[in-house]
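Asks: Below is a structure I'd like to ask you about.
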Amino acid sequence: LAQPTSTQVVNSVNSSMETPLHVACMVNNAKGVQLLLENGADMNLPSQYAYPIHSAAKYNSNDCVKPIVKFDEQCVHVKDTKYGGTPLHWAKTRQTVELLLAAGADIEAGNNECETPLHIMIKRKRLQCVVCLLSHGADVNALGMENDTPLHMAVKVGDVNVVKALIVFGGDINAVNKKNETPRHLATVSKSRFRNQIIHALCLVGTTPCDPRKCNYQCNVPFKPSTYPLAAAEPGNELSKARGDVSVKLDDVAKIMAAGAHANVKYTKSGAGRNENDGQSIMKKKRKDDSALCLDGGGIRGLILIQVLLNLERVAKQPLVKLFDWIAGTGTGGILALGLLHGKSTPYLQQLYFRFKDEVFVGARPYPSEPFEKFLQQEFGADTIMTSIGYPRVLATGAVSDRIPPALHLFRNFSIPEDDKEPDENAKFPPLSKPKDQLVWRAARGTGATPTYFRALGRMLDGGLIANNPTMDLISFMHSFYKNAQPKAPPHDTCKKVGLVFSLGTGVPPEVPVTNIDVLRPTSVSDVAKIAFGAQALVEILVEQATSSKGAVVDRAASWCEMIDVFYRRMNPQIYSGVSFDEKDDQVLVNMLWECQVFIFERRHILKEVADRLT
């Protein structure tokens, strides 16, 4: 084939109208594809109805996609001659979807039936592809045939996991199609064996009943869990039991919360860029008090923080940077705080975290630092310094671990008088970087340097070792700031009182019983095993307490705020299955976030209270 040859031979077809290029793509022969292209193979010859790029996408031949796209970058937009689908419609795996998107494929392209790639992935029940598209910005409420949204389609195919994923990403649970059908109505009349699970998934987050004047099915009355019983082993059963047989009624807050991820809040397409805060929150302008947001650590469970913040924005109808004067975070909370500071919207941060787990949690623990650092540099810039954006004031905790005990360090985007002091020549330890010299990505890397998951950043470890719940640390710092640094602040920023503290946790996991915590001198062979189990349990208890973000630390913060007359609220959703710091399974994460959304819906009055005070 490498010899001079006739283009006619290279483009000959078999009985299925497939050229050698089609066949090479079907068997993932990348070298063959390259050779054929170099010798005149025509990429624009369809088989019965598909082009070579479609064959590569269909057969997961990712090695073949690369040379084809390199040869003609416009091929990612070509549509097959039967269904009108682009290669993205034909993709079957997350890896292929990512490859095509990176090559410039249109994520909202419609086929002959106006269906986007998201609609097709839902039809095929490909959860990984659905989450991948959503995490790259696919429209969760895109309209297909008969104005069916992706959520309508997920209910029709009976995929409860995809239904939950769409809810989590802001799908409109009360959308109506051309037949005036809501997702709940379709679930009620469905014959799927997952019907009851889907009804629970929709109703526990607040879907509205149908109009009884227009609908005679059970979906025209308020939801009661006992009406749609779940088997003991079915997902959601434990959560439904915890709520009992209580009908869910909606109010204005619920309708706002269910209105979709982008309702009433304007975002850029990328979600990135500088924020437009003018140096004061809405609350500060009205009440002359500062407002503070505190974000716990917890790895990938930072998605829970984002879920709560998404809902707060929907209720308040304002972006977060206009709601808070101070944001403090530990670990994943610190990274989110820096993201919010640098203008990244909450929907963008949600998408970012789903991409983060696939790009950074690669291989075995401890994970290599390079992908983590590259990811942070791409998001924050390699040379951006902490003081490049001064408002809201952000604190990210770190643990300086070149000493015992470790010292708490606060990465800041603003200076204080102490920064102007010359370092002590006789100090035992070298000084830490000042905010004006601190790179943002390194601050994010430092606050996220969780032991056993990532290597330390020099002498810096995750601040969760000292302050996994940074509420008290923020309040203490604010008191010191008001006392020592505030006199040098601009006239409009002379507030000396915090008026509101909103603290968010990364989920309360189920309690695990411990049978033995005793460590003793062995007197028999059986004692050796007891000691081993007891020592392991004791270590787990010590680690849990050292990094605790609930219990006594929450009680202290609440009491302190009450004592100084500060409005304090905390939300830390209960999750009914253990989710690890580095969880990568989309189904596990989607279910966690759906449970979080149920928790938020039930406590929507808390968000309403907070939003009313902030606005």
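The values are calculated or read from the model by the stated rules, or taken from the named source; none is laboratory data. Here the structure is a predicted model, which is why all the values come from computation and not from measurement. A quick note on method: Cβ atoms are made from the backbone with ideal geometry, for glycine too, and the neighbour counts reach across all protein chains shown.
Asks: For the range 573-602, what are the residues that are under 22 Å from residue 318 (Cβ atoms) and touching a Pro at 6+ places or on another chain (Cβ under 9 Å)?
Replies: Matches in the range 573-602: 596, 597, 600.
Residues are listed down the side, and each one gets a yes or a no for (1) over 20 Å from residue 594 (Cα atoms); (2) touching a Cys at 6+ places or on another chain (Cβ under 8 Å); (3) β-branched (Val, Ile, Thr):
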| site | (1), (2), (3) |
| --- | --- |
| 294 | yes, no, no |
| 300 | no, no, yes |
| 313 | no, no, no |
| 318 | yes, no, no |
| 321 | yes, no, yes |
| 330 | yes, no, yes |
| 339 | yes, no, no |
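Asks: Applying the selection to the range 48-66, what residues are over 15 Å from residue 120 (Cβ atoms) and surrounded by fewer than 21 Cβ atoms within 10 Å (Cβ to Cβ)?
Replies: Matches in the range 48-66: 48, 49, 59, 60, 62, 63, 66.
Asks: Can you name the number of the only condition in (1) over 19 Å from residue 462 (Cβ atoms); (2) in a loop (DSSP other than H, G, I, E, B); (3) among the charged types (D, E, K, R) that residue 365 fails?
Replies: All conditions pass for residue 365, except number (1).
Asks: Now for a different question. Working only within the range 580-599, note down all residues that are crowded, with 20+ Cβ neighbours inside 10 Å and in contact with a Leu (Cβ under 7 Å, 6 or more places away or on another chain).
Replies: 586, 589, 593, 595, 598
Asks: Let me ask something else. When you check residue 462 against the structure, is it acidic (Asp, Glu), surrounded by fewer than 22 Cβ atoms within 10 Å (Cβ to Cβ) and in the same structural domain as residue 373 (by the TED database), yes or no?
Replies: For residue 462, the condition - acidic (Asp, Glu), surrounded by fewer than 22 Cβ atoms within 10 Å (Cβ to Cβ) and in the same structural domain as residue 373 (by the TED database) - is not met.
Asks: Would you confirm whether any residue within the range 114-132 is under 30 Å from residue 597 (Cβ atoms), in a loop (DSSP other than H, G, I, E, B) and modelled with pLDDT under 95?
Replies: Yes; the residues of the range 114-132 include at least one that is under 30 Å from residue 597 (Cβ atoms), in a loop (DSSP other than H, G, I, E, B) and modelled with pLDDT under 95.
Asks: Any residue in the range 76-101 that is touching a residue at least 40 places away in the same chain (Cβ under 8 Å) and surrounded by 19 or more Cβ atoms within 10 Å (Cβ to Cβ) sitting within a Cβ distance under 7 Å of a residue that is of a type in the set (A, V, I, L, M) and part of a loop (DSSP other than H, G, I, E, B)? List the pairs, counting only those 6 or more apart or interchain.
Replies: Listed by first residue and then by second, the contacts come to 100/91.
Asks: Those residues that are buried (at least 21 other Cβ atoms within 10 Å of the Cβ) and more than 23 Å from the chain's Cα centre (by Cα), I need them from the range 121-151; list them, please.
Replies: 144, 148
Asks: Something else about it: Has the range 109-116 got at least one residue that is surrounded by 21 or more Cβ atoms within 10 Å (Cβ to Cβ), within 26 Å of the chain's Cα centre (by Cα) and not assigned by the TED database to the domain that holds residue 58?
Replies: Within the range 109-116 (the criterion being surrounded by 21 or more Cβ atoms within 10 Å (Cβ to Cβ), within 26 Å of the chain's Cα centre (by Cα) and not assigned by the TED database to the domain that holds residue 58), the answer is yes, since at least one residue qualifies.
Asks: Sort out which residues of the range 392-432 are closer than 21 Å to residue 332 by Cα and either without any contact (Cβ under 8 Å) to a residue 60 or more places away in the chain or in contact with an Asp or Glu (Cβ under 6 Å, 6 or more places away or on another chain) (or both), and write them in order of number.
Replies: 392, 407, 409, 412, 414 - these are the residues of the range 392-432 that are closer than 21 Å to residue 332 by Cα and either without any contact (Cβ under 8 Å) to a residue 60 or more places away in the chain or in contact with an Asp or Glu (Cβ under 6 Å, 6 or more places away or on another chain) (or both).
Asks: Quick check on the range 604-615. Is at least one of its residues in a loop (DSSP other than H, G, I, E, B) and at pLDDT below 90?
Replies: Checked the range 604-615: at least one residue is in a loop (DSSP other than H, G, I, E, B) and at pLDDT below 90.
Asks: Taking the stated definitions as given, is residue 74 at pLDDT 90 or above, of a type outside the set (Asp, Glu) and under 30 Å from residue 138 (Cα atoms)?
Replies: It is true that residue 74 is at pLDDT 90 or above, of a type outside the set (Asp, Glu) and under 30 Å from residue 138 (Cα atoms).
Asks: Which of the strands (runs of 3 or more DSSP E) contained wholly in the range 384-494 include at least 3 residues that are at negative phi and over 26 Å from the mean Cα position of the chain (by Cα)?
Replies: Output list reads 407-412.
Asks: Shifting gears a bit: All but one of (1) part of a loop (DSSP other than H, G, I, E, B); (2) modelled with pLDDT of 95 or more; (3) not hydroxyl-bearing (Ser, Thr, Tyr) hold for residue 302; state the number of the condition that does not hold.
Replies: Only one criterion is unmet by residue 302, namely (1).
Asks: May I ask you to list pairs of residues, at least six apart or on different chains, whose Cβ atoms are under 7 Å apart, with the first in the range 578-593 being touching a residue at least 60 places away in the same chain (Cβ under 8 Å) and the second being basic (Lys, Arg) and surrounded by 17 or more Cβ atoms within 10 Å (Cβ to Cβ)?
Replies: 579/301; 584/357; 590/164; 591/164
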